[in-house]
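First the structure, in the form of C-alpha coordinates, and then the observations on it.
The values are calculated or read from the model by the stated rules, or taken from the named source; none is laboratory data. Model, not experiment: these values are computed from the prediction. Using ideal geometry, Cβ is built from the backbone for each residue, glycine included, and neighbour counts are taken over all protein chains shown. We work out accessible area using only protein heavy atoms, side chains counted, and drop any ligands, DNA or RNA first. Shrake-Rupley method; radii C 1.70, N 1.55, O 1.52, S 1.80 Å.
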Amino acid sequence: DSGVTQTPKHLITATGQRVTLRCSPRSGDLSVYWYQQSLDQGLQFLIHYYNGEERAKGNILERFSAQQFPDLHSELNLSSLELGDSALYFCASSVEPNYNSPLHFGNGTRLTVT
Amino acid sequence: KNEVEQSPQNLTAQEGEFITINCSYSVGISALHWLQQHPGGGIVSLFMLSSGKKKHGRLIATINIQEKHSSLHITASHPRDSAVYICAVFFTGNQFYFGTGTSLTVIP
(Lines give C-alpha, C1' and ligand atoms only; values in the text may rest on other atoms or scores of the structure.)
Protein backbone atom coordinates (compact mmCIF):
# COMPACT_ATOMS: atom_id res chain seq x y z
CA ASP A 1 0.00 0.00 0.00
CA SER A 2 1.58 3.27 -1.18
CA GLY A 3 -0.52 5.42 1.13
CA VAL A 4 -1.80 7.45 -1.84
CA THR A 5 -5.57 7.35 -2.32
CA GLN A 6 -7.30 8.11 -5.60
CA THR A 7 -11.03 8.32 -6.09
CA PRO A 8 -13.05 7.24 -7.89
CA LYS A 9 -11.50 4.03 -9.24
CA HIS A 10 -13.67 4.05 -12.33
CA LEU A 11 -15.61 6.78 -14.04
CA ILE A 12 -17.81 6.51 -17.11
CA THR A 13 -19.18 9.68 -18.60
CA ALA A 14 -20.30 11.20 -21.87
CA THR A 15 -18.56 13.55 -24.25
CA GLY A 16 -18.90 17.19 -23.30
CA GLN A 17 -19.20 16.46 -19.59
CA ARG A 18 -16.95 17.56 -16.73
CA VAL A 19 -15.43 15.31 -14.05
CA THR A 20 -13.25 15.74 -10.99
CA LEU A 21 -10.61 13.25 -9.93
CA ARG A 22 -9.32 13.32 -6.39
CA CYS A 23 -5.95 12.40 -4.90
CA SER A 24 -4.90 12.25 -1.25
CA PRO A 25 -1.12 12.07 -0.92
CA ARG A 26 0.79 9.85 1.47
CA SER A 27 1.00 11.29 4.95
CA GLY A 28 3.89 13.75 5.13
CA ASP A 29 4.25 14.19 1.36
CA LEU A 30 3.88 17.75 0.12
CA SER A 31 4.24 17.13 -3.62
CA VAL A 32 1.44 15.81 -5.81
CA TYR A 33 1.94 14.90 -9.47
CA TRP A 34 -0.72 14.01 -12.01
CA TYR A 35 -0.13 11.71 -14.99
CA GLN A 36 -2.23 10.41 -17.85
CA GLN A 37 -1.74 6.95 -19.34
CA SER A 38 -3.46 6.24 -22.63
CA LEU A 39 -2.98 3.30 -24.97
CA ASP A 40 -1.58 5.38 -27.82
CA GLN A 41 0.53 7.90 -25.88
CA GLY A 42 1.79 5.96 -22.88
CA LEU A 43 2.43 7.81 -19.63
CA GLN A 44 2.51 11.59 -19.77
CA PHE A 45 3.19 14.13 -17.06
CA LEU A 46 0.36 16.61 -16.60
CA ILE A 47 1.06 18.86 -13.65
CA HIS A 48 2.92 19.10 -10.33
CA TYR A 49 1.93 20.86 -7.11
CA TYR A 50 4.02 21.40 -4.04
CA ASN A 51 2.48 22.57 -0.78
CA GLY A 52 -0.42 24.21 -2.57
CA GLU A 53 1.50 25.88 -5.35
CA GLU A 54 1.88 24.86 -8.97
CA ARG A 55 5.49 23.86 -9.67
CA ALA A 56 5.49 22.57 -13.23
CA LYS A 57 3.19 21.90 -16.13
CA GLY A 58 3.58 19.19 -18.69
CA ASN A 59 1.26 18.19 -21.52
CA ILE A 60 -1.89 19.37 -19.81
CA LEU A 61 -4.71 20.53 -22.05
CA GLU A 62 -6.40 23.87 -21.46
CA ARG A 63 -9.64 21.96 -20.77
CA PHE A 64 -7.92 20.38 -17.77
CA SER A 65 -7.10 22.13 -14.52
CA ALA A 66 -5.87 21.11 -11.11
CA GLN A 67 -5.34 22.46 -7.65
CA GLN A 68 -3.89 21.40 -4.33
CA PHE A 69 -5.80 22.32 -1.23
CA PRO A 70 -4.50 23.37 2.23
CA ASP A 71 -4.96 19.81 3.51
CA LEU A 72 -2.67 18.78 0.59
CA HIS A 73 -5.20 16.70 -1.30
CA SER A 74 -5.41 17.52 -4.98
CA GLU A 75 -8.13 17.53 -7.59
CA LEU A 76 -7.82 17.23 -11.34
CA ASN A 77 -10.74 18.74 -13.25
CA LEU A 78 -11.40 17.59 -16.78
CA SER A 79 -14.00 19.49 -18.78
CA SER A 80 -15.58 19.37 -22.25
CA LEU A 81 -14.56 15.74 -22.33
CA GLU A 82 -13.68 14.07 -25.61
CA LEU A 83 -13.39 10.40 -26.53
CA GLY A 84 -9.62 10.79 -26.59
CA ASP A 85 -9.56 11.73 -22.91
CA SER A 86 -10.35 8.13 -22.02
CA ALA A 87 -7.32 6.98 -20.07
CA LEU A 88 -5.93 5.97 -16.72
CA TYR A 89 -5.14 8.99 -14.57
CA PHE A 90 -2.54 8.49 -11.87
CA CYS A 91 -1.41 10.72 -9.12
CA ALA A 92 1.81 10.31 -7.20
CA SER A 93 3.22 12.01 -4.15
CA SER A 94 6.66 12.65 -2.73
CA VAL A 95 8.23 14.50 0.14
CA GLU A 96 10.36 16.98 -1.77
CA PRO A 97 9.44 19.62 -4.38
CA ASN A 98 11.51 17.95 -7.07
CA TYR A 99 12.07 14.44 -8.40
CA ASN A 100 14.99 13.71 -6.09
CA SER A 101 12.86 11.67 -3.72
CA PRO A 102 10.89 8.46 -4.25
CA LEU A 103 7.47 8.65 -5.85
CA HIS A 104 4.44 6.93 -4.34
CA PHE A 105 1.68 6.18 -6.81
CA GLY A 106 -2.04 5.85 -6.32
CA ASN A 107 -3.94 3.02 -8.01
CA GLY A 108 -5.30 5.35 -10.66
CA THR A 109 -8.72 6.43 -11.90
CA ARG A 110 -9.89 4.80 -15.11
CA LEU A 111 -11.89 7.31 -17.11
CA THR A 112 -14.06 6.15 -19.98
CA VAL A 113 -15.68 8.80 -22.15
CA THR A 114 -18.50 7.49 -24.35
CA LYS B 1 14.44 18.04 -27.28
CA ASN B 2 13.93 15.90 -24.20
CA GLU B 3 13.71 12.26 -25.20
CA VAL B 4 13.71 8.97 -23.35
CA GLU B 5 14.30 5.71 -25.17
CA GLN B 6 13.90 2.26 -23.68
CA SER B 7 14.95 -1.10 -24.99
CA PRO B 8 13.89 -3.74 -25.56
CA GLN B 9 10.15 -3.12 -25.95
CA ASN B 10 9.33 -6.72 -25.17
CA LEU B 11 11.35 -9.35 -23.38
CA THR B 12 10.65 -13.01 -22.64
CA ALA B 13 12.96 -14.86 -20.30
CA GLN B 14 13.18 -18.25 -18.64
CA GLU B 15 12.95 -18.32 -14.88
CA GLY B 16 16.39 -17.80 -13.36
CA GLU B 17 17.81 -15.76 -16.23
CA PHE B 18 19.64 -12.46 -15.75
CA ILE B 19 17.69 -9.61 -17.33
CA THR B 20 18.81 -6.16 -18.45
CA ILE B 21 16.57 -3.29 -19.52
CA ASN B 22 18.13 -0.16 -20.94
CA CYS B 23 17.16 3.50 -20.88
CA SER B 24 18.83 6.33 -22.80
CA TYR B 25 18.05 10.02 -22.66
CA SER B 26 19.04 13.00 -24.71
CA VAL B 27 20.04 15.88 -22.44
CA GLY B 28 21.08 16.63 -18.88
CA ILE B 29 18.86 15.32 -16.13
CA SER B 30 18.26 15.85 -12.45
CA ALA B 31 17.00 12.36 -11.62
CA LEU B 32 15.93 9.09 -13.20
CA HIS B 33 13.27 6.74 -11.84
CA TRP B 34 12.59 3.11 -12.61
CA LEU B 35 8.95 2.11 -12.24
CA GLN B 36 7.15 -1.23 -12.35
CA GLN B 37 3.59 -1.55 -13.59
CA HIS B 38 1.76 -4.81 -13.01
CA PRO B 39 -1.01 -6.16 -15.25
CA GLY B 40 -3.62 -4.76 -12.86
CA GLY B 41 -2.31 -1.29 -13.66
CA GLY B 42 -0.77 -0.22 -10.37
CA ILE B 43 2.61 1.51 -10.52
CA VAL B 44 5.38 0.98 -8.01
CA SER B 45 8.54 3.05 -7.82
CA LEU B 46 11.60 0.77 -7.79
CA PHE B 47 14.52 3.19 -7.79
CA MET B 48 15.37 6.85 -7.92
CA LEU B 49 18.88 7.57 -9.23
CA SER B 50 20.94 10.66 -9.82
CA SER B 51 24.30 8.90 -9.94
CA GLY B 52 25.98 5.53 -9.42
CA LYS B 53 24.22 2.33 -8.56
CA LYS B 54 21.46 1.11 -6.26
CA LYS B 55 20.48 -2.42 -5.25
CA HIS B 56 17.30 -3.75 -3.72
CA GLY B 57 17.01 -7.49 -3.39
CA ARG B 58 17.40 -9.01 -6.86
CA LEU B 59 17.09 -5.65 -8.59
CA ILE B 60 20.04 -3.44 -9.48
CA ALA B 61 19.86 -0.04 -11.16
CA THR B 62 22.81 1.86 -12.56
CA ILE B 63 23.20 5.22 -14.21
CA ASN B 64 26.05 6.70 -16.26
CA ILE B 65 25.56 10.46 -16.39
CA GLN B 66 28.29 11.04 -19.00
CA GLU B 67 26.83 8.47 -21.38
CA LYS B 68 23.22 9.48 -20.57
CA HIS B 69 22.26 5.88 -19.97
CA SER B 70 20.71 3.77 -17.22
CA SER B 71 20.16 0.05 -16.86
CA LEU B 72 17.84 -2.02 -14.71
CA HIS B 73 19.05 -5.54 -13.99
CA ILE B 74 17.05 -8.40 -12.52
CA THR B 75 19.06 -11.31 -11.22
CA ALA B 76 17.55 -14.82 -10.91
CA SER B 77 14.33 -13.72 -12.59
CA HIS B 78 11.04 -15.15 -11.39
CA PRO B 79 7.54 -15.27 -12.95
CA ARG B 80 6.37 -12.70 -10.40
CA ASP B 81 8.78 -10.23 -12.02
CA SER B 82 6.52 -10.24 -15.10
CA ALA B 83 5.41 -6.64 -15.52
CA VAL B 84 6.05 -3.52 -17.54
CA TYR B 85 9.17 -1.63 -16.48
CA ILE B 86 9.22 2.07 -17.20
CA CYS B 87 12.10 4.50 -17.13
CA ALA B 88 11.13 8.06 -16.18
CA VAL B 89 13.46 11.02 -16.42
CA PHE B 90 13.32 14.39 -14.73
CA PHE B 91 15.02 16.88 -16.98
CA THR B 92 16.44 20.18 -15.78
CA GLY B 93 13.69 22.67 -16.52
CA ASN B 94 11.11 20.81 -14.43
CA GLN B 95 9.90 18.47 -17.14
CA PHE B 96 9.31 14.77 -16.61
CA TYR B 97 9.25 12.26 -19.45
CA PHE B 98 8.52 8.55 -19.53
CA GLY B 99 10.01 5.86 -21.70
CA THR B 100 7.60 3.64 -23.61
CA GLY B 101 8.15 0.75 -21.23
CA THR B 102 9.55 -2.76 -21.47
CA SER B 103 7.07 -5.59 -21.17
CA LEU B 104 8.77 -8.48 -19.38
CA THR B 105 7.41 -12.02 -19.27
CA VAL B 106 9.26 -14.60 -17.20
CA ILE B 107 8.33 -18.18 -18.02
CA PRO B 108 8.54 -20.86 -15.32
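Segment A:59-114 and segment B:44-108 have their alpha-carbon centroids 23 Å apart.
Projecting the Cα atoms of A:LEU103, A:LEU72, A:ILE60 onto the charge dipole of segment A:60-114, computed from C-beta unit charges around the Cα centre, puts A:LEU103 farthest toward the positive end.
A dipole drawn for chain B from +1 and -1 charges on Cβ atoms has a positive end, and of B:SER26, B:THR102, B:GLN9 the residue lying farthest that way is B:SER26.
If the limit is 31 Å between Cα atoms, which of A:LYS57/B:LYS54; A:LYS9/A:LYS57; A:LYS9/B:LYS54 go over it? From the list (A:LYS57/B:LYS54; A:LYS9/A:LYS57; A:LYS9/B:LYS54), the Cα-Cα distance tops 31 Å for A:LYS9/B:LYS54. For the protein assembly as shown, the per residue solvent-accessible surface stands at 47 Å², with DNA, RNA and ligands left out and a 1.4 Å probe. What you get for the protein assembly as shown, charging only the Cβ of Lys and Arg (+1) and of Asp and Glu (-1), is a dipole of about 220 debye around the Cα centre.
Given a Förster distance of 35 angstrom, what is the FRET efficiency for A:HIS10 paired with B:LYS68, based on the Cβ-Cβ distance and rounded to 0.05?
0.35
Under the convention that each Lys and Arg Cβ holds +1 and each Asp and Glu Cβ holds -1, the size of the dipole of chain A around its Cα centre is about 200 debye. Shielding by partners for peptide A:95-104, expressed as the average number of C-beta atoms from other protein chains within 10 Å of each residue's C-beta, is 4.
Its alpha carbons considered, the protein assembly as shown gives a radius of gyration followed by a Dmax of 17.3, 51 Å. Per-residue mean of foreign Cβ neighbours for B:97-103 is 3 (Cβ atoms of other chains, 10 Å radius). Between A:LEU72 and any residue 5 or more places off or on another chain, the built amide H atoms are never under 5 Å apart.
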